[in-house]
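Note sheet for the following structure.
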Amino acid sequence: MILMIHGMCCAASFWDNYISLFKANGYDAEAITLLHHNRETYPMLEYTDIMDYVKQAESVINSIGGKPIVIGHSMGGLIAQKLAEIGLAEKLVLIAPAAPQGIPVVSLSTLITFSANIFSIIRKKPFIIPFRNAVYGLMNTMPHKEQVEAYQYFVYESGLSAYEIARGTIAVNENMVTCPTLVISGEHDRAIPLRLVKMVAAKYDALYKEYSGYCHHSLVFGQGCEKVAQDILNWIEDKRTCMK
């Protein structure tokens, strides 16, 4: 079983290309839409934190039975780290992951990406990233058509969760993360720059893979993500030659 967890302002639909590939290769694959990531209940995000998302994912895993392969992108990568810490991941894939406590998360490009939302994050209020900021920090290498398509799926995010990430309040004990781990980054990621992702990889002594020409969202959405998904599948199946 492969379980995928999306990042900020997204939903399960961001994983559609991954799900198609995994299912075509005989895997059960499921993507979670995190709590209140919809237009109906998003005001409840004011009271939703990272551990609420972790508990949601834990409940899904318990209902499945057994340990899944857990793949997390961005904020979903931090949630995935917490799941691995409590022993709920057979293998762990972190795609441009948000960093846990002890690794700095703020850079100039990160601040620019979230510049329109800083006040909401400080006040711990739900927010949505404006299109211009999303293009700058999340979708900067994607064709305009894909940027527009991706943004149609954007939803509100928890300011409380973003505040926890920015303050580095979510700790993960790396000694408890014992499963095989792959960490992936995009060369032109402005939301979570390479140097921060490399620090996450070092924390878990993980295999690290960097994708030239990729930005934050092109790793998981659009045509370009098919190569990333295939490489992940090869790693899952222990075909490591593609990762060199």
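Points to keep in mind about this one:
- Among the candidates Ala206, Ala171, the residue that is closer than 27 Å to Val106 by Cβ, small (Gly, Ala, Ser), surrounded by 13 or more Cβ atoms within 10 Å (Cβ to Cβ) and more than 16 Å from the chain's Cα centre (by Cα) is uniquely Ala206.
- Among the residues of segment 1-29, those identified as under 15 Å from Ser218 (Cα atoms) and among the hydroxyl-bearing types (Ser, Thr, Tyr) are Ser13, Tyr18.
- Considering Gly76, Gly66, Gly102, Gly87, the condition of being under 17 Å from Ala162 (Cβ atoms), touching a residue at least 12 places away in the same chain (Cβ under 8 Å) and not hydroxyl-bearing (Ser, Thr, Tyr) is satisfied by Gly76 alone.
- Residues within segment 55-82 that are farther than 17 Å from Asp28 by Cβ and hydrophobic (A, V, I, L, M, F, W, C), tallied: 4
- Some residue of segment 45-55 being without any contact (Cβ under 8 Å) to a residue 60 or more places away in the chain and farther than 20 Å from Phe127 by Cβ: yes
- Flag for Gly159 being surrounded by fewer than 18 Cβ atoms within 10 Å (Cβ to Cβ) and modelled with pLDDT of 95 or more: no
The values are calculated or read from the model by the stated rules, or taken from the named source; none is laboratory data. If you're wondering where the values come from, they're calculated on a predicted model, not measured in any experiment. Note: ideal-geometry Cβ built from the backbone for every residue, glycine included; neighbour counts use all protein chains shown.
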